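Report on the structure given below.
Nothing in this text is a laboratory measurement; each read-out follows from the coordinates by a stated rule. If you're wondering where the values come from, they're calculated on a predicted model, not measured in any experiment. A quick note on method: Cβ atoms are made from the backbone with ideal geometry, for glycine too, and the neighbour counts reach across all protein chains shown.
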Amino acid sequence: AALAKHCDVVMHSAFLPARPPPPPETVPGAEPDEAADSNPAEVPEDPNLSIRNIKLDVPSAQVLRYCLAATTSLKSLKISYCDLDVNLLALLRAGLSESCTVSSLTIDWSPLEVPYQETAEAKRILSEGSAEEKASLHANGRARRAERRAMQAAEVAEAKCSKPFEDLMTVTLEAENAENPQRPLQLMRDRAAWHRVMRKRFQLTDQEADELFDSLCAAYSNNSDSGISLEQFQNAVTAGRETVAGSTEPDPIASSFASFLDGTSPIELLSYRCCRIGRLEVEGIGKALATPSPHLKALNLWGNYICDQGAAALGRAFETNFGLQFLGLGRNLITHVGLQHLCKALGVTRLFEKSQADPLIKQLKEMMKDRDK
C-alpha cells in the first residue's frame, strides 16, 4: 500500500492491508496494560497471495513486481482468470528475482493472445498514425490471433481424429457439399450449424468451436451474423503455419511461459493449468527445461492442448534435466506415442506382479497426499 501511494497508483481493494485485530476487552476497574498500549498487535503477513477474477493492468503489475522483489514472507502466488498478456507476465517475471521468497507460482485459466502492438512501428501508429493505419494495424492483429486459434484447433482435431487436418477438411467439404449443395463455401451463419460440423467432423467441443468461431468472425467478418466458412478456417490454418515456418524469432507466447523456468527463476512449484498451451508453447517450455533451473521441482500442465509432438519436446528435455520430480500432463491430448517420447530418456519399468505394484501404488498415494498439503 505504501508503494502504491508513493507511485500515485490506486490499488485494488483486494490488495489493501488487513485490518489489525480489535484490542482486547478490558475489565472495569482494572489497571490498563501499558505494554499492550505501547505495542499494538501486528497483523502477521500471509505467506499466500491469491489473485482471482481481477483485471490486472500495467500499473498494478508494476506495483506487484516491486512488492515481489522486496517481500520477505510471501511463499505462494496464485493468479487465476486475470486476463494476462505478454507484457504483464514480463513484469511479473521481473519481480521474481533469485532473492525473492516466492517458491510456488500458479497461473491458471489465463491463456495468452498473440501480441501485435509491441513493435516500434505499431507504437508509432497507435500514437500518431492515421485512422486508416490504426484500423489496418488492429485488423492485422485480429488476423494473427485468428490464425493462431485456427492452427491450434487444427492440431486438436488431428490429435482427436488421428488424421491430418488437410484430410479432415477434404472429407468435411465433400460431405457438407453433398448435404448442402446450395450453400457457397459452406458458409455457417449460426453457431448451431458451426457446432454441428465442428463436433461431427473435427471432434471439437462446443467451447473450442465457440472460441474458434468468435476469433474467425473478429478477423474475417464484420459480425457473427454474416457467417464464417470452412474455407476461411482452412485458409487461417494455412496462413498460421506459413507464418510459424517463416519466422526466425522465438514465439512470444512460448517465451513468456518459458521465462519462469530459466536458471534465474526461484520457482520450485510451477502450474500452468488450462492456459491453452499447445505445441508451439510447449516447445518453448521444453527448451527451457533442457537447460534446467536449479530450483524447479514440479511443473503442472494439466488441462491444455499438448499433443504427441509436444510430449516429444518435453521428452527431449529429460536428456539433460534430472531435477524435475513431478510433471502433470492430465487432460491433454497425449497418446501412447507421446508417452513413448516421454519415457525414451527416462526409461521404463513394467511390473507384472501385483505384489510388486501394490507397495509402489501405496507410496505414490502417500506422496500425493504430502503434495496436496
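Worth pointing out:
- The tail of the calculated P(r) for region 267-352 beyond 21 Å holds 22 percent of all Cα-Cα pairs.
- The length gained on full extension between LYS160 and THR291, counted as 0.36 nm times the residue separation minus their Cα-Cα distance, comes to 44.0 nm.
- Database remark: amide H of MET188 closer than 5 angstrom to the amide H of ILE228, SER229, LEU230 (H placed geometrically; neighbours at sequence offset of 5 or more, or on other chains; Pro and chain starts carry no H).
- Relative contact order, percent, region 138-253 [alpha-carbon distance under 8 Å, six or more residues apart]: 38
- With the simple model of a label 7 Å out from the Cα in the direction of the Cβ, ALA135 to LYS369 spans 6.6 nm.
- Amide H partners (placed H, <5 Å) of ASN300, local residues excluded: LEU270, SER271, TYR272, GLY328
- Close amide-amide hydrogen proximity is noted between ILE79 and ILE51, THR106, ILE107, ASP108, each under 5 Å apart and 5 or more residues distant or on a separate chain (H modeled in the peptide plane; Pro and chain starts excluded).
- Simple point charges give the picture: +1 on the Cβ of Lys and Arg, -1 on the Cβ of Asp and Glu, and for region 88-222 a dipole about the Cα centre of about 180 debye.
- Sites THR264 and LYS344, calculated FRET efficiency, Cβ-Cβ separation with R0 45 Å, nearest 0.05: 0.95
- 3J(HN,Hα) from dihedral phi, region 254-259, Karplus parametrisation 6.51/-1.76/1.60, rounded to Hz, x for glycine, proline: 4, 5, 5, 5, 6, 5
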